[in-house]
Every structure is written in structure tokens, then in C-alpha cells.
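The values are calculated or read from the model by the stated rules, or taken from the named source; none is laboratory data. What you are looking at is a predicted structure, and each value in this text was computed from that prediction instead of being measured. Positions of Cβ are backbone-derived with ideal geometry, glycine not excepted, and every protein chain shown enters the neighbour counts. Please note that ligands, DNA and RNA were not included when accessible areas were found on the heavy atoms of the full protein model with its side chains. Shrake-Rupley method; radii C 1.70, N 1.55, O 1.52, S 1.80 Å.
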Amino acid sequence: MEYTILIRMKIIKTPWKNELMQLVSDAKESIKITSPFVKESVCAELLQHKKKNSSLELITSFKLMNIYNGSVDLNGLEHILKSKGVVKNFSRLHSKIYLFDEKQAIVTSSNLTNGGLVQNYEYGFYTDEPTIVSEISNDFNQLLRDETMGQIELKHIKEVRSLLQRIPKNEQIPLPSYSMNASVEKNDVITLPDGIISSTLKGWKLIVFNCIQAIPKEVFTLNDINAFVPQLQNKYPNNNTIPAKIRQQLQLLRDLGLIEFLGNGNYKKLWQ
């Protein structure tokens, strides 16, 4: 889309943490951020600068691998939630957007980390041009309505911590390898010892997890998981809502960073 108006903007380069914190301090109503990676120290500093009455909404990529390798810091998300902020999970997130009062915006390569704000060479732009800021804000709000969007709560953080604590101290989890020829990205799939995940799950969450684990494909469909409905119906004859129960548990497993919603009834395992 082309604009014929004079755009009020400036280039943002690393380091720009001071500029970010000033914008956070000045925001009177709302702060909205998309950042796949998040670190505790930056979240703590952001909350210190934020006005008490300004809302904070963060969209991040809550995947088990991201959490295990430290790219997403559970403590940072916990600080935001305990400060009455909102944390959303969009596992396919790559964008880094910072919105302030729907009046100012930064679009950048920088994550909400010290690396992104201070150490790495990052690049982007700031604008307060109303038309552009409005379009960025509309895109942010549209993303919130995406069918694959999840919401992270303190209970999810507690469950993920419990899962990670079960990994033996001497267990070396292999970090992902990258392949240009792979049909499915492998950089977000974590390899765990057998039984680690299932030992933390209970009830229908465990039942649906075991069904997913029995599917040999890494990317599976709703039809694949619904193939287990007759088997489950025989086992639980008094339950007449098993398909709905499966969909509910898929959402809960997504909110633990264990599966990714790809849209159109497609899902991806984030463990192996």
C-alpha cells in the first residue's frame, strides 16, 4: 500500500532500550507488544517504567523448545501476568511490534530481550503518523482474533515448570538442527526422554496426549485425532461429548507449548 502523505518517522537502531522505556513511561492507556522471545530482566524493567493504569498486552511464541532454551523466560511472563498484564500465544510469531496508546509504533527486528535492545545489531523504524499507526494497530487486533491464538495463564506456567523440572539434571537435550530442505521446520521441536511429558499430565489431557503420540506423523489433522473417537467411546460409554473434549484438550496442550495450531484443522507436535 502506498501513502501520498508525509510520514513522520525515524530509524531505530541498537541500542534503543532507553527509547523503549521512555515510550513505556509516557504511555497513558495501553502498551501492545509482539515479540517471539522475552527475557525476565527486560520485562521487570518495563513493568517498573509502566504507569499503573496503562494496560500491557504481549503476544509471544510459547513453545516448549523456546522455553527450554531460554528464549522465552517463564519468570518474565509470570511478572507480566501478576501485574495484571495479558500474555497471548501465537506460535508462528516472528514479528516484533511495539504500540503505545494507539498513537506511536515501532516495527523492528528486536525481541524483548537485552540482546534485541542493547547487544545485537537490530534495525527498524518509529512512527507516530496516524494512518500507519492505525493500520499497525488494526493488524495487531486482527492477530488477536486469529483462530490459532491462545492465552497464557499462571497455571500454564506452573505446569510447564513442573514438566521441565522432571528432566534429569544430567540429561542433555539436543538443540535443534536447521535444514533448508526440510518440509517441516525442526528448530522448534524438542527431543525429550520417554515419559517426561506424560508423567506431568492427568485426565483427559493425558488421554488426548497419548492419542497424539500414537499418530506417526509430526504434522497431523483433526481427522487423525478424531480417528480415536470410537476407541474412546468404547472406553467411556457414558461420555457423549468426546469430539468436543478432544478439541478442548488440544487447546490446553497448545497452551503448554506442546503443540502448534497451524490452522484449517492442522496441528504440529512440538516434541519427539
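Of everything in segment 220-240, what is outside any helix (DSSP H, G or I) and modelled with pLDDT of 95 or more? Give them in sequence order.
Of the residues in segment 220-240, the ones outside any helix (DSSP H, G or I) are 220-221, 227-228, 236-240.
PHE220, THR221, ALA227, PHE228, listed by residue number.
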So LEU6 passes all but one of these: (1) modelled with pLDDT of 95 or more; (2) surrounded by fewer than 18 Cβ atoms within 10 Å (Cβ to Cβ); (3) not in a helix (DSSP H, G or I). Which condition number does it fail?
(1)
Which numbered condition in (1) open to solvent by 10 Å² or more (accessible area, probe 1.4 Å); (2) in a helix (DSSP H, G or I); (3) in contact with a strand residue (DSSP E or B) (Cβ under 7 Å, 6 or more places away or on another chain) is the only one that LEU206 fails?
(3)
Restricting attention to segment 143-156, does a residue exist that is open to solvent by less than 40 Å² (accessible area, probe 1.4 Å), modelled with pLDDT of 90 or more, outside any helix (DSSP H, G or I) and farther than 19 Å from LEU253 by Cβ?
no
Are any residues in segment 12-50 over 23 Å from the mean Cα position of the chain (by Cα) and open to solvent by less than 40 Å² (accessible area, probe 1.4 Å), and if so, which ones?
ILE12, THR14, TRP16, LEU23, SER25, ALA27
Unique match (being without any contact (Cβ under 8 Å) to a residue 40 or more places away in the chain and either open to solvent by 50 Å² or more (accessible area, probe 1.4 Å) or touching a strand residue (DSSP E or B) at 6+ places or on another chain (Cβ under 8 Å) (or both)) among ASN238, ASN226
ASN238
